[in-house]
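Here is the structure we will look at.
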Amino acid sequence: MAAGPQAQVPTCPNWTVHKLVRHIARVQSWVVAATEHPEVSGVRAGEAPREWERLLDWWEQQREALRAVFDRGPGAPTRLPFSSYPPVVASWARRQAHEAAIHRVDAELTLGAVTVTFDPEFAADGIDELLMLLVHRRTGWSEFTADGTVLVHAEDAGRLWSVRLAPGSAPQLAEQPFEPDVTIEGSADAVYRAVWRRPSEAKVTGDVALLEPLAAP
């Protein structure tokens, strides 16, 4: 990484580039272990080296192993910590694609480089994954008091997500659009970044406090 291992990642408080790389590599090692041993409930991530050059080499090993896992085919069995996902490799391919995409933005922002522009279909899928699957993994819904409606519009992808919020309950997606209390709109790329709380040119109007229950994990 050109920024150097001790560079601070502006979009991940208290993270350095070293911690960012270590996080990605360990997650990928966990996915590999979960797919190689889907019958084991207690698989663990590998132990990442502390020394920077060795960490980079280890990360490359995990990436190669992950590609080999994906080569098993989308229907190959695996283990996931998400009950809302089918326990097959296709689910990990989707999750890891967005994991890597968002952290790529983090790395590019750390370097001060122009960040990647994501394809509308890919970005829309990342929005959908967050709103349909990941948000619902949050615990402690009884503590939330948000009461209102949120409209998420990825214009160039032709996608709308209408979300209803009620105190003490997980968000619910409505089948039909409605007059929202807050709207996030723009290109799929911009909205993708916005819902994942990265710098974005998406337009946000209305009661922004209602977005807290939809915060990315």
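Listed by first and then second residue, the pairs linking a residue in segment 55-84 that is farther than 17 Å from Ala97 by Cα and modelled with pLDDT of 95 or more to a residue that is open to solvent by 60 Å² or more (accessible area, probe 1.4 Å) and in a helix (DSSP H, G or I), with Cβ atoms under 8 Å apart and 6 or more places separating them unless they lie on different chains, are Leu55/Arg22. The strands (runs of 3 or more DSSP E) located wholly in segment 124-193 that include 1 or more residues which are in contact with a strand residue (DSSP E or B) (Cβ under 8 Å, 6 or more places away or on another chain) and open to solvent by 70 Å² or more (accessible area, probe 1.4 Å) occupy 159-165, 172-174.
Here's the yes/no breakdown for (1) acidic (Asp, Glu); (2) over 23 Å from Arg137 (Cβ atoms); (3) in contact with a helix residue (DSSP H, G or I) (Cβ under 9 Å, 6 or more places away or on another chain):
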residue	(1), (2), (3)
Cys12	no, no, yes
Val17	no, yes, yes
Gln28	no, no, yes
Gly46	no, yes, yes
Leu56	no, yes, yes
Ala93	no, no, yes
Ala101	no, no, yes
Leu109	no, yes, no
Gly112	no, yes, no
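Against the conditions (1) open to solvent by less than 30 Å² (accessible area, probe 1.4 Å); (2) over 30 Å from Gly186 (Cβ atoms), Glu60 satisfies every one except (1). Return the residue satisfying two criteria in turn: it lies in segment 40-57 and is of a type in the set (A, V, I, L, M, F, W, C) and surrounded by fewer than 17 Cβ atoms within 10 Å (Cβ to Cβ), and of such residues it is nearest to the chain's Cα centre (by Cα). Top of the filtered list is Leu56. For beta carbons closer than 7 Å, sequence separation of 6+ or different chains, a first residue in segment 145-158 that is acidic (Asp, Glu) and a second that is in a strand (DSSP E or B), the qualifying pairs are Asp147/Leu165; Glu155/Glu185; Glu155/Gly186.
Entry remark, segment 1-39: residues being open to solvent by 60 Å² or more (accessible area, probe 1.4 Å) and not in a helix (DSSP H, G or I) number 10 in total. Consider segment 194-215 and keep the residues that are within 19 Å of Arg137 (Cα to Cα) and loosely packed, with under 14 Cβ neighbours inside 10 Å. The one that is modelled with the lowest pLDDT is Ala215. Here Val114 qualifies as in contact with an Asp or Glu (Cβ under 8 Å, 6 or more places away or on another chain), loosely packed, with under 13 Cβ neighbours inside 10 Å and assigned to a loop (DSSP other than H, G, I, E, B).
The values are calculated or read from the model by the stated rules, or taken from the named source; none is laboratory data. Since this is a predicted model, take the numbers as computed values, not measurements. Here the Cβ is made from the backbone with ideal geometry for all residues, glycine too, and neighbour counts use every protein chain on show. All accessible areas refer to the heavy atoms of the entire protein, side chains included, with ligands and DNA or RNA removed. Shrake-Rupley method; radii C 1.70, N 1.55, O 1.52, S 1.80 Å.
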